[in-house]
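The values are calculated or read from the model by the stated rules, or taken from the named source; none is laboratory data. Treat the numbers as computed from the prediction; the structure is a model and nothing was measured. Every residue, glycine as well, gets a Cβ built from its backbone with ideal geometry; the counts of neighbours run over all protein chains shown. Quick note on the areas: whole protein, heavy atoms, side chains included, nothing else; ligands and nucleic acids left out. Shrake-Rupley method; radii C 1.70, N 1.55, O 1.52, S 1.80 Å.
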Amino acid sequence: MQQACANNAGLYDDTQTETIRLGIAKCLLGEPVRYDGGHKLDRYLRDVLGKFVEFVPVCPEVECGMPIPREAVRLVGDPQKPHLVGRDSGEDWTEKMQNWGKERLREMEKEGLCGYIFKSRSPSSGMERIKVFQANGQPLYTGVGMWADMVMKHFPLLPFEDDGRLHDMGLRENFIKRIFILKRWRDMLANGKTLGGLVKFHSQHKLLILSHNQEIYREMGQLVAQGKEMDPEELFCTYLQQLTAALSKRASVKNHVNVLFHMMGHFKDELSAEEKQELKELIEQYSSGMLPWVAPLTLMNHYVRKYKNDYLMEQFYLHPHPLELRLLFHA
């Protein structure tokens, strides 16, 4: 797992960039690289998210030597180790794809990626439920695209999604939140693996982590508290594993409510009775599904600025990603 941490944590000198870098299926950016010469442009990814990230576009079919246009390919055989073959000719592209992929992955280790967006339903770039055709001609929907499988195994701690899953606004919000967190992790590492840097990073993300997984939140607190006694490599690797595990599932309404009331407790001496009641009502209306999370969050941000609570002002829970991405209604 140490190598997995190295591949994911930006430990290379030349991975530090000013922007978030995301691997992405090239066709999603409007490039005409599909088998039929077309594309699958996703305007949100290109025009909205693209303002905040630098894309690293990849088309595994073209880059491993397939022409445009070309015969469509599909996965066949053992779902665990399928072959990538031409749909009509049966030409086997497995070895070429794998050989190209191994070299491309070595290059990508130096890209400083903070995540990857795959193309759904693609036999090369689909991350789940890909057709794997059997000898009787019937497909099993249990496969993973050949290139996607290589990427996810090589960078197991990176955030991954595909364009289909990103239509789920909750999954979209969680994925984008995670890529911003990983960028801040890389920025922290750029100044060296120091305990002070880790303590500050953890302190700023405490409430965000708590909103995702209370159990892992407690484990991470214990890990940081024991940091002086641990080897830095082991400490930082274990922390990244726990952070990834905590954020792998969306934050729940119950956990958000817990965090919001916890934050409210920081203003017990500042808020008037009327202010406390207003905030309490907004949190309860969010809890019952009557209001989105952004409603109590906006009022909480107002009180943090008004009363200048230094601890809460540093919490990324209050501003997990830019407002322009239009995600706060879907958390």
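Classify segment 12-152: rounded, prolate or oblate, from the alpha-carbon gyration tensor (a ≥ b ≥ c, eigenvalue square roots; a/c under 1.5 rounded; otherwise prolate if a/b is larger than b/c)?
It is prolate, given that a/c is not under 1.5 and a/b is the larger ratio.
Rounded to a whole number, what is D in µm²/s for segment 202-294 from Stokes-Einstein with the Kirkwood radius over alpha-carbon pairs (37 °C, 0.692 mPa s)?
Result for D is 220 µm²/s.
Tell me the net charge near HIS212. Cut-off is 15 Å between Cβ atoms, HIS212 excluded, with +1 for each Lys or Arg and -1 for each Asp or Glu.
After counting each charged neighbour, the total is +4.
Among the listed pairs LYS228/LYS254; LYS51/LYS119; LYS228/LYS308; LYS280/LYS306; LYS200/LYS228; LYS153/LYS254, which have their C-alpha atoms separated by more than 25 angstrom in this model?
LYS228/LYS254; LYS228/LYS308; LYS153/LYS254
Tell me whether segment 90-189 comes out rounded, prolate or oblate; compute the Cα gyration tensor, take square roots of the eigenvalues as a ≥ b ≥ c, and use a/c under 1.5 as the rounded threshold.
Oblate.
Mind putting a number on the dipole of segment 134-270 about its Cα centre? Charges go on the C-beta only, +1 for Lys and Arg and -1 for Asp and Glu, and I need it in Debye to the nearest 20.
240 debye
Tell me the per residue accessible area of segment 203-275 using a 1.4 Å probe; a whole number in Å² is fine.
The answer is 51 Å² per residue.
With +1 on each Lys and Arg Cβ and -1 on each Asp and Glu Cβ, and nothing else charged, work out how big the dipole of segment 85-157 is about its Cα centre, in Debye to the nearest 20.
Charge dipole, segment 85-157, about its Cα centre: 200 debye, nearest 20.
Quick check on the chain: helices-only [θ] at 222 nm, where DSSP H runs of length 4 and up contribute -39,500 (n - 2.57) each and the sum goes over total residues. Nearest 500, please.
One gets -14000 deg cm²/dmol as the mean residue ellipticity at 222 nm.
Rounding to the nearest 20 debye, state how big the charge dipole of segment 196-331 is about its Cα centre with +1 on each Lys and Arg Cβ and -1 on each Asp and Glu Cβ.
With only Lys, Arg, Asp and Glu charged at Cβ, the dipole is about 240 debye.
Once each part is reduced to its C-alpha centroid, what is the distance from segment 305-331 to segment 39-56 in angstrom?
Each part reduced to its Cα centre gives a spacing of 23 Å.
Calculate how many DSSP beta bridges within the chain are antiparallel, expressed in % of all such bridges and rounded to the nearest 5.
35 percent
Spin-label point model (7 Å from Cα, Cβ direction): what's the LYS153 to GLU314 distance in nm?
4.2 nm
Can you list the HN-Hα couplings for segment 119-124, worked out from phi with the Karplus curve (6.51, -1.76, 1.60; θ = phi - 60°), rounded to whole Hz and with x for Gly and Pro?
My calculation for segment 119-124 gives 9, 4, 6, 7, x, 9 Hz in order.
Tell me which residues come under 5 Å, amide H to amide H, from ILE24 once H is placed; ignore anything under 5 positions away on its chain.
Under 5 Å from the amide H of ILE24 lie the amide H atoms of VAL56, VAL58, ILE117, each far enough along the sequence or on another chain.
Over 10 Å intervals from 0, what percent of Cα-Cα pairs in segment 282-331 sits in each interval?
25, 49, 26, 0
Rounded, prolate or oblate for the chain? Axes are the square roots of the Cα gyration tensor eigenvalues, ordered a ≥ b ≥ c, and the cut-off for rounded is a/c under 1.5.
Judged from the Cα gyration tensor, the chain comes out prolate (a/c at least 1.5, a/b above b/c).
Return the carbon/sulfur percentage of the accessible area of the chain, one whole number, probe 1.4 Å, all protein chains in place.
50 percent
Report the one residue of SER124, TRP147, SER272 whose Cα lies farthest in the direction of the positive end of the charge dipole of the chain (charges on C-beta: Lys and Arg +1, Asp and Glu -1; origin at the Cα centre).
SER272
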